[in-house]
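Here the structure is laid out as structure tokens; the discussion comes afterwards.
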Amino acid sequence: MKIIILGAGQVGGSLALSLASESNDITLVDQNASLLREIQDRVDLQTVQGHASHPSVLERAGANDASMIVALTNSDETNIVACQVAYTLFHTPTKIARVRASDYLNYPDLFVQEAMPVDLLISPELLVSEYVKNLIDHPGALQVLNFADGKVQLVAARVNRDSRFTGKTLADLAREYAAYDFSIVAIYRKREAVAFTDETRVETGDELFFVTAAQQANKVTSALQGVDKPNRRILIAGGGNIGLQLAQILEQNYRVKLIERDPDRARYLSEILDKTIVLRGDAADEDILLEENIENVDIFCALTNDDEANILSAMLAKRLGARKTMSLINRPSYVELVESGMIDIAISPQQVTIGALLAHIRRGDIVAVHSLRKGAAEAIEAVAHGDKKTSKVVGRRIEEIKLPKGTHIGAIVREGTMMISHPDILIQADDHVIMFLSEKDRIHEVERLFQVSATFI
């Protein structure tokens with residue numbers, strides 16, 4: 001697939017690296033020549049220096065025969081205009097734009113072919129806010145990802161010493177917790193994926209990924225971790241777009257406090273937030289955290305645009321007694337460092353955003369993609385089409401499907417009803433199949449599985 005990516009920033013650069021490694025024809029456009037050279041040194045792709053929305057620049061980038069344009073510059077207006085130019089002059093089939101301003105997002109009728117032709121709007125801030133909210137709703141979880149319109153969830157949690165799972169085989173867990181209706185799809189031990197069977201034993205420190213119905217996720221996590229206490233008190237550091245959106249999402253169901261350094265911004269936040277208590281100050285100030293009884297806080301979320309400030313304030317909050325800390329970190333090199341220390345969860349905006357983009361780029365009928373393990377693994381939801389003659393999956397039991405190495409089916413959703421994966425389940429047309437790939441490089445093999453032959457109409 002020929003794809004033009006506009007903007008070589010953190011999200012655009014990460015997406016270019018991910019897609020280029022999958023043998024796509026990628027052209028990256030940016031005004032910063034040194035940034036383009038840096039990325040080109042790491043992966044085989046084409047680059048064009050210039051303003052992303054200028055017709056001549058898009059023409060040089062190959063917009064005449066591109067399948068898709070993904071506009072990810074820091075300017076909403078540049079992204080929107082680039083999609084307009086691609087549609088009007090080059091008839092580009094698919095146009096995706098990153099749009100941050102809520103003033104645009106609140107008026108979806110603007111983004112139609114007759115007005116501003118954008119096929120998909122991506123708001124990283126909103127995606128990250130929803131991602132953090134899912135984590136807060138599920139105590140003990142390291143990741144919570146939604147599939148099948150929220151009916152099914154993939155949850156990652158670490159096995160601690162108090163876990164009822166420790167020392168038991170997967171077969172034992174299936175028998176003892178049959179009522180919980182979940183399926184383990186990945187085990188990571190010392191940061192490496194483990195090839196597992198029913199006789200594999202769970203060890204303390206393992207990171208388990210399991211698929212279950214959304215209403216069962218907390219029950220499974222509680223059994224796995226021994227965590228029964230729900231989250232109630234939330235302290236947010238940083239009142240930017242992400243902090244504001246998260247506070248708005250949470251304040252009806254949680255006791256939320258927000259710390260913001262800038263006095264004008266703090267005043268603005270206090271006016272538009274209904275139940276959130278807004279404090280002016282520095283979240284890395286020990287006195288402020290102690291005054292706000294940090295030892296009673298269930299979740300401390302550091303969500304400023306400064307990685308170092310987020311890391312330091314989250315570490316301080318943890319040392320002073322916060323039960324769990326989360327930190328927004330843009331630099332991928334920092335993520336692994338902080339997760340091995342005092343910070344419980346590092347949130348990468350790039351990985352969250354890339355997942356939303358990949359669902360529209362993958363071949364076959366793939367409706368949801370989540371990028372995991374710093375891009376090394378993926379969880380996907382694919383729709384089965386055709387019949388036994390035209391499809392490699394329809395009309396076959398799960399045990400008969402030749403899945404690529406490291407790929408596990410977690411659940412099937414049929415007409416809105418979830419079924420946990422079992423070897424005897426027969427895949428039918430229009431089934432939604434939820435899978436975990438511990439080796440993302442095998443994604444093309446999965447795509448081919450779900451593509452129908454030419455005889456299918």
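Take Glu381 and tell me if it is buried (at least 22 other Cβ atoms within 10 Å of the Cβ) and either out of contact with any Pro (no Cβ under 7 Å at 6 or more places or on another chain) or assigned to a loop (DSSP other than H, G, I, E, B) (or both). Spell out how you get there, then give the answer.
Working: buried (at least 22 other Cβ atoms within 10 Å of the Cβ): yes; either out of contact with any Pro (no Cβ under 7 Å at 6 or more places or on another chain) or assigned to a loop (DSSP other than H, G, I, E, B) (or both): yes.
Criteria met by Glu381.
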Every listed condition ((1) modelled with pLDDT under 95; (2) outside any loop (DSSP other than H, G, I, E, B); (3) over 22 Å from the mean Cα position of the chain (by Cα)) holds for Glu203 save (2)
Within the range 352-389, of all residues that are at pLDDT 90 or above and of a type in the set (Val, Ile, Thr), the one farthest from Val413 (Cα to Cα) is Ile380
Note on the range 408-457: residues in contact (Cβ under 8 Å) with a residue 12 or more places away in the chain, more than 26 Å from the chain's Cα centre (by Cα) and not in a strand (DSSP E or B) are His422, Pro423, Asp424, Ile425, Ile427, Gln428, Ala429, Val452, Ser453, Thr455, Phe456
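For Leu173, state whether it is closer than 17 Å to Ile420 by Cβ, at pLDDT 90 or above, assigned to a helix (DSSP H, G or I) and not small (Gly, Ala, Ser).
On the way: closer than 17 Å to Ile420 by Cβ: yes; at pLDDT 90 or above: yes; assigned to a helix (DSSP H, G or I): yes; not small (Gly, Ala, Ser): yes.
Judged against the criteria, Leu173 is a match.
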Requiring at least 3 residues that are of a type outside the set (S, T, N, Q) and more than 24 Å from Arg442 (Cα to Cα), the strands (runs of 3 or more DSSP E) wholly within the range 309-378 are 324-328, 345-347
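I'd like the full set of residues that are surrounded by 19 or more Cβ atoms within 10 Å (Cβ to Cβ) and either touching a His at 6+ places or on another chain (Cβ under 8 Å) or part of a loop (DSSP other than H, G, I, E, B) (or both), limited to the range 393-407. Spell out how you get there, then give the answer.
Restricting attention to the range 393-407, the residues satisfying the condition of being surrounded by 19 or more Cβ atoms within 10 Å (Cβ to Cβ) are 393-394, 407.
Those that are surrounded by 19 or more Cβ atoms within 10 Å (Cβ to Cβ) and either touching a His at 6+ places or on another chain (Cβ under 8 Å) or part of a loop (DSSP other than H, G, I, E, B) (or both): Val393, Val394.
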Of those in the range 159-186 that are hydrophobic (A, V, I, L, M, F, W, C) and free of Cβ contacts under 8 Å to residues at least 40 places away in the same chain, the residue farthest from Asn218 (Cα to Cα) is Ala171
Of those in the range 290-313 that are in contact (Cβ under 8 Å) with a residue 60 or more places away in the chain and farther than 14 Å from Arg261 by Cβ, the residue surrounded by the most Cβ atoms within 10 Å (Cβ to Cβ) is Cys301
Within the range 178-200, residues in a loop (DSSP other than H, G, I, E, B) and either touching a Ser or Thr at 6+ places or on another chain (Cβ under 8 Å) or modelled with pLDDT of 90 or more (or both) come out as Asp181, Val194, Ala195, Phe196, Thr197, Asp198, Glu199, Thr200
Of the residues in the range 76-95, those that are of a type in the set (S, T, N, Q) and surrounded by 15 or more Cβ atoms within 10 Å (Cβ to Cβ) come to Thr78, Asn79, Gln84, Thr92, Thr94
Selection from the range 76-110 of residues closer than 17 Å to Leu357 by Cβ, under 22 Å from the mean Cα position of the chain (by Cα) and in a loop (DSSP other than H, G, I, E, B) yields Val99, Arg100
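The values are calculated or read from the model by the stated rules, or taken from the named source; none is laboratory data. Note that the structure is predicted; figures quoted are calculated from it, not measured. Reconstructed Cβ throughout: ideal geometry from the backbone, glycine too, with neighbour counts over all protein chains shown.
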